[in-house]
Amino acid sequence: MSPAFSTVNPATGRRVRSYRTHTAAEVETALRRAHSAFKQWRETPAAVRARMLRGVASILREKAGEFASLITLEMGKPLAEARSEVMKCASVCDYYAKHGRAFLAAERSPGAAENVRIVFEPLGVVLAIMPWNFPFWQVFRAAVPALMAGNTVLLKHSPNVSGCALAIEGIFKAAQENLLQALLIPTTRIPPIIADPRVQGVTLTGSTGAGRRVAALAGAAMKKGVFELGGSDAYLILEDADLDHAAEICAQSRLLNVGQSCISAKRFIVVAAVRRDFEKKFAARLAARRVGDPRDPATEVGPMARRDLRDHLHAQVKASIRAGAKLRFGGHPLPGLGFYYAPTMLTNVRKGQPAYDEELFGPVAAVVPVRNEAAAIAAANGSIYGLGAAVFSRNLRRARTVAARIEAGSVFINDFVRSDPAVPFGGIKQSGYGRELGLYGLREFANVKAINIAVAGQF
């Protein structure tokens with residue numbers, strides 16, 4: 001008998017449901033169906049693929065409340081945030097339904113002969129290994145452009161959001177059979193799937209460690225990969241920043257999704273001239289956020305997704321304090337049911353402390369003091385990660401100059417980092433490689449083929 005995955009309500013710590021994992025025979029059936037569906041889907045006109053995506057968007061909007069409740073139940077996100085996540089999934093469907101056909105249109109290459117054209121063809125079955133922190137959005141962000149390009153998708157989701165995985169499968173099944181199938185399997189069963197010749201691409205969102213392991217498997221099998229991994233996003237607060245605005249945006253970014261996001265603000269790098277004022281304003285906004293039941297509309301900070309994640313975060317906080325960081329407030333699990341952690345602020349954070357060197361995946365803000373702008377840029381780049389960053393300054397010309405010197409996949413000015421269906425998203429360094437979303441995200445899992453015609457002509 002196959003072992004089971006259990007989902008646990010993070011707000012209570014109680015088991016919600018168990019899901020039987022798929023057998024080897026069921027995985028083989030899914031692979032066969034995905035490959036067969038690909039042969040038909042690749043020949044399907046872009047306009048028909050777009051119609052499928054519009055149907056998916058319609059289902060998402062119609063059942064947004066139901067899906068949001070499931071997200072909140074399984075991983076603890078406040079209900080309003082969960083609903084916004086579902087609606088964002090609908091928006092990415094709309095985006096590719098509108099623009100996908102143009103993204104796939106044949107092109108001429110500048111400087112190439114008139115008889116050469118570039119076409120974009122799908123690769124095949126794509127294995128998507130997805131995390132629990134945005135259980136709908138992460139899947140749709142990866143799967144929708146891949147599907148619009150003509151690929152099919154196998155989804156290996158995190159065990160603690162198995163209900164979300166099956167719900168997503170059901171959404172696509174209602175639109176068209178076998179385009180996206182969920183595999184309820186442990187990570188130990190991933191290697192033979194990547195090696196299978198019917199699988200032609202792998203996309204993973206998760207930790208850097210998981211990314212390294214899967215990238216090695218994909219490389220050994222010569223499979224295309226896109227990896228969106230960990231981050232320790234630096235937010236630079238310069239001396240000419242609007243401190244009230246910066247404090248509010250930084251608090252919002254740090255505590256969104258209980259701080260469980262690879263693109264959350266994590267290191268707040270503040271120049272000496274405004275450090276005291278910023279810390280005071282920032283602390284007030286962090287401490288004011290209401291912690292509570294994620295089903296309560298008034299709740300702004302819910303529980304962390306799992307007990308082990310909370311325990312690991314607490315260990316990082318304690319180790320940082322032992323290494324010289326100063327605890328301004330918080331710094332402890334909250335008593336009672338569920339996996340709650342107090343919103344926390346650490347100051348005097350420096351290299352050599354976990355709060356600086358590692359990713360803090362929870363509601364902990366790390367303030368890094370620096371002398372000036374040059375030191376702020378050096379601190380921002382002094383990390384193994386390079387996912388996102390933000391710069392706060394009233395001087396937009398200055399902010400753009402600083403942004404150009406930050407080593408990251410995206411930099412926001414006077415705002416917090418977030419993904420957008422129309423804008424390519426991804427990281428550098430240990431934050432991964434490849435891009436999702438926008439034109440570039442669609443073409444990641446496409447064969448960019450040059451066709452040379454013997455007799456020059458129009459096409």
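None of the figures in this text is laboratory data; all of them are computed from the coordinates on show. In this text the structure is predicted, and so the values were computed from the model without any measurement. When we count neighbours, we look across all protein chains shown, and the Cβ atoms used for this are built from the backbone with ideal geometry, even at glycine.
From largest to smallest, what semi-axes in whole angstrom does segment 218-284 give when each is the square root of 5 times an eigenvalue of its alpha carbon gyration tensor?
The answer is 34, 13, 8 Å, longest axis first.
Using mean Cβ contacts within 10 Å as the protection proxy, how do 188-197, 285-294 order, highest first?
So the peptides 188-197, 285-294, ranked by packing, come out 285-294, 188-197.
Starting from the Cα of ALA288, step 7 Å toward the Cβ, then list every residue of segment 218-258 with an amide N under 17 Å from that point.
The answer is 242-256, whose backbone nitrogens lie closer than 17 Å to the label point.
With the alpha-carbon atoms as the only input, what is the per residue convex hull volume for segment 138-281 in Å³?
153 Å³
Can you pull the semi-axes for segment 372-423, root of five times each eigenvalue of the Cα gyration tensor, sorted largest first, whole Å?
18, 15, 8
Given a Förster distance of 51 angstrom, what is the FRET efficiency for LYS351 paired with SER69, based on the Cβ-Cβ distance and rounded to 0.05?
Computed FRET efficiency for LYS351 and SER69: 0.75.
Please enumerate, by chain and number, the lysines with C-alpha under 21 Å from the C-alpha of LYS281, excluding those fewer than 8 residues away in the same chain.
Hits, sequence-local ones excluded: LYS266, LYS326.
Quick one: which residues, 5 or more positions from LEU334 or on another chain, have an amide H under 5 Å from its amide H? H modelled 1.01 Å from N in the peptide plane, none for Pro or chain starts.
Residues meeting the criterion, in which the H sits 1.01 Å from N, are TYR340, TYR341, ALA342.
To one decimal place, what Kirkwood hydrodynamic radius in Å is obtained for the chain from all pairs of distinct Cα atoms?
23.0 Å
With angles folded into 0 to 90 degrees, how steeply does helix 275-288 sit against the dominant principal axis of the chain? Use alpha carbons for both and round to 10.
With rounding to tens, the tilt is 70 degrees.
Can you pull the semi-axes for segment 1-126, root of five times each eigenvalue of the Cα gyration tensor, sorted largest first, whole Å?
Sorted largest first and rounded, they come to 38, 23, 13 Å.
Please list 3J(HN,Hα) in residue order for segment 188-202, calculated via the Karplus relation 6.51 cos²θ - 1.76 cosθ + 1.60 where θ = phi - 60°; whole Hz, with x for glycine and proline.
Working through the residues one at a time gives 5, 9, 6, x, x, 6, 4, 6, 4, x, 6, 8, 10, x, 9 Hz.
Suppose the chain between ARG398 and GLU62 were pulled fully straight at 0.36 nm per residue; how much longer would it get relative to their current alpha carbon spacing?
Separation in residues times 0.36 nm, less the Cα-Cα distance, equals 116.5 nm.
When the chain is fully extended, how far beyond the present Cα-Cα distance does THR187 get from SER84, taking 0.36 nm per residue of separation?
34.1 nm
Label-point separation (nm) for ASP244 and ASP420, each offset 7 Å from Cα along Cα-to-Cβ?
The answer from the label model is 2.6 nm.
Do the sum for the chain: with -39,500 (n - 2.57) for every DSSP H run of n ≥ 4, divided by all residues, what is the mean residue ellipticity at 222 nm, to the nearest 500 deg cm²/dmol?
Rounded to the nearest 500, it is -13000 deg cm²/dmol.
What ³J(HN,Hα) values, in whole Hz, does the Karplus curve 6.51 cos²θ - 1.76 cosθ + 1.60 give for segment 299-307 when θ = phi - 60°, with x put for Gly and Pro?
Running phi through 6.51 cos²θ - 1.76 cosθ + 1.60 with θ = phi - 60° gives 6, 10, 10, x, x, 6, 6, 9, 4 Hz.
Go ahead and run the numbers for FRET between VAL448 and ARG276, Cβ-Cβ distance against an R0 of 45 Å, rounding to 0.05.
The computed FRET efficiency comes out at 0.30.
What's the angle, to the nearest 10 degrees (0 to 90), between helix 208-220's Cα axis and the longest principal axis of the chain?
20 degrees
Using per-residue counts of other Cβ atoms within 10 Å, averaged over each peptide, order 257-269, 387-399, 306-318 from highest down.
Answer by packing, highest mean first, reads 257-269, 387-399, 306-318.
Looking only at Cα atoms, what is the convex hull volume of segment 105-212 per residue, in Å³?
So the per-residue hull volume is 142 Å³.
Net charge within 14 Å of LYS156 by Cβ-Cβ distance, Lys/Arg positive one each and Asp/Glu negative one each, not counting LYS156 itself?
After counting each charged neighbour, the total is -1.
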